[in-house]
Amino acid sequence: KSKPLFFFLGDSITEQAIDPAKGGYIPLLQNMVSRSADVVAHGLSGYNTRWVLKYAMPVVEEEIKSRTYTPSVVTIWFGTNDAVIMDGSRAEKHVSVENYQENLVTIVRKFQELLPSADILLITPPHVDDEARREHAEENTGKFKGVVDRSHARSGMYARACVETANKIGVPVLDLFTYFSSEPESVRNSLLWDGLHFTPKGHVIVSKLILDKMKSEFPAVEKALKTWKIIGASVLCETDPWVPGNT
């Protein structure tokens, strides 16, 4: 049986998570499962769910149809850009809550059609550090100087919509917003380097949360991660050692 393949699709939080220099959760996960599963990630900075459907999914569909990769688990993590403030400095990325939910359903359905046997996990947008985003806004120039783009409250609104959608269509969801919001504000905000994207410490937490969620929700993942696809050298030292006289 082939190795399981975990496919991570998301926005800039995922794009930055691909970078080992940022301590990203993708290489952390890859390291944790390297002998048992493969990892593919598409991080699309700035993308909302509308743009995912219009511009990203046709590419992903073609990649999967051509067997460039065949995911056994798909994680879908969007909402941070959909949730931008409508009269804020990034209003062009805004997607209404209702359309966000509809888009999530469509994305999930597309993956279910492409990969009938794959497991799918939705991930909510995480928390936002409002003070850090205010400071970030002060660095803007021109008409957007001091104009905030995002807020913790709006992120929560879209996180709840993501959970509601997941429950409605019967797919598991990892509610990162609720998880991090249960921590003291100073603690959770220390895990974001710009009020939006995770620090290396934050990525460590996220990597463990995602892997634990996949293992608890998907029995096939739990089973697959207990075995190595290629036998370990420590076993071969016992079962197939070199002996004098053998080449």
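What follows is calculated from the coordinates using simple rules that are stated; it is not laboratory data. Keep in mind the model is a prediction, meaning the values are calculated, not measured. Methodologically, a virtual Cβ is constructed for each residue, glycine included, from the backbone with ideal geometry; neighbour enumeration extends over all protein chains shown.
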request  = Could you please state, rounded to a whole Å, how far the C-alpha centre of the stretch 31-84 is from the C-alpha centre of the stretch 131-148?
outcome  = 30 Å
task = Quick one: order Val163, Val73, Val206 by neighbouring beta-carbon count within 10 Å, fewest to most.
result = Val163, Val73, Val206
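Note the per residue figure in Å³ for the convex hull of the C-alpha positions in the stretch 1-53.
Values: hull volume 3.4 nm³, N = 53.
So the per-residue Cα hull volume is 65 Å³.
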Whole-angstrom Cα spans of the chain along principal axes, big to small = 80, 38, 31
query = Cα gyration tensor of the stretch 137-247, axes a ≥ b ≥ c as square roots of the eigenvalues: rounded (a/c below 1.5), prolate (a/b > b/c) or oblate?
reply = prolate
remark   = Percent antiparallel among DSSP beta bridges confined to the stretch 5-239, rounded to 5, stands at 5 percent
Proximal lysines to Lys226, defined as alpha-carbon separation beneath 21 angstrom and excluding residues fewer than eight positions away on the same chain = Lys1, Lys3, Lys208, Lys213, Lys215
note = Highest GNM mean-square fluctuation among Arg67, Arg134, Arg150, for the chain with Cα springs under 10 Å, belongs to Arg67
query = Can you list the residues, at least 5 places off or on another chain, whose amide H is less than 5 Å from the amide H of Gly24, using H built in the peptide plane?
reply = Asp19
message = Please compute, for the alpha-carbon atoms of the stretch 2-94, the extent along each of the three principal axes and give them in descending order in Å.
response = 48, 31, 16
key: Part-to-part distance (alpha-carbon centres) for the stretch 154-215 and the stretch 97-113, which is given in Å   = 19 Å
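Near Ala37, within a Cβ-to-Cβ distance under 9 Å, what is the net charge of the other residues, with Lys and Arg +1 and Asp and Glu -1?
Numbers: positive: Lys3, Arg35, Lys229; negative: Asp38.
Residues near Ala37 contribute +2 overall.
Greater than 23 Å separation of Cα atoms is the criterion. Which listed pairs, Lys22/Lys110; Lys93/Lys201; Lys54/Lys110, meet it?
Values: Lys22/Lys110 31 Å; Lys93/Lys201 28 Å; Lys54/Lys110 12 Å.
Over 23 Å Cα-Cα: Lys22/Lys110; Lys93/Lys201.
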task = For the chain, set up a Gaussian network in which alpha carbons nearer than 10 Å are linked by springs, and say which option among Trp51, Trp77, Trp228 fluctuates the most.
result = Trp228
remark   = Whole-Hz Karplus couplings 3J(HN,Hα) for the stretch 44-54, θ = phi - 60° and coefficients 6.51, -1.76, 1.60, Gly and Pro as x, run 10, 4, x, 6, 9, 5, 5, 5, 4, 5, 7
task = Mind sorting Thr227, Thr80, Thr75 by how few other Cβ atoms lie within 10 Å of their own Cβ, fewest first?
result = Thr227, Thr75, Thr80
note = Summing -39500 (n - 2.57) over every DSSP H run of at least 4 in the chain, dividing by its residue total and rounding to the nearest 500, the 222 nm mean residue ellipticity is -13000 deg cm²/dmol
